[in-house]
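Asker: Got a structure for you, questions after.
The values are calculated or read from the model by the stated rules, or taken from the named source; none is laboratory data. Bear in mind the structure is a predicted one, so any value in this text is a computation, not a measurement. To get the accessible areas, we keep the full protein, side chains included, count just its heavy atoms, and leave off ligands, DNA and RNA. Shrake-Rupley method; radii C 1.70, N 1.55, O 1.52, S 1.80 Å.
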Amino acid sequence: MIAFLRLAVFGFIGLSVAYLLLSIYSRSVRREELEKEWDADNAEGGDADARDAYIEAGMRDYEHGLRRKLILLVYVIPIVVVLVTLYLVNAQ
């Protein structure tokens, strides 16, 4: 039982670190895409305030989008795999 609790605690910590890093990376990639879109549409440079507003609006859309929710599968998939493995090993 102690081994299972240790697995659960350290597993949750590991999954949390993975989620945090993946979330930061995904936000960074989306922000870079928005910056490139703005630069491609406004070759002359444009207004810096308008650029910032465009990027912030895009990031707000990202916060409510599907990609951010799919990153939560970092928690779900490993837990399901461990539970199925435990069941299959102990079902005999």
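Asker: Computing the accessible area with a 1.4 Å probe over protein heavy atoms, can you report the carbon and sulfur percentage for the chain?
Answerer: Ligands and nucleic acids excluded, carbon and sulfur give 67 percent.
Asker: Right, next: Can you tell me, using C-alpha contacts under 8 Å and at least 6 residues apart, the relative contact order of the chain as a whole percent? Before the final figure, lay out each step's value.
Answerer: Numbers: 27 pairs, mean separation 35.9, N = 92.
Here the relative contact order equals 39 percent.
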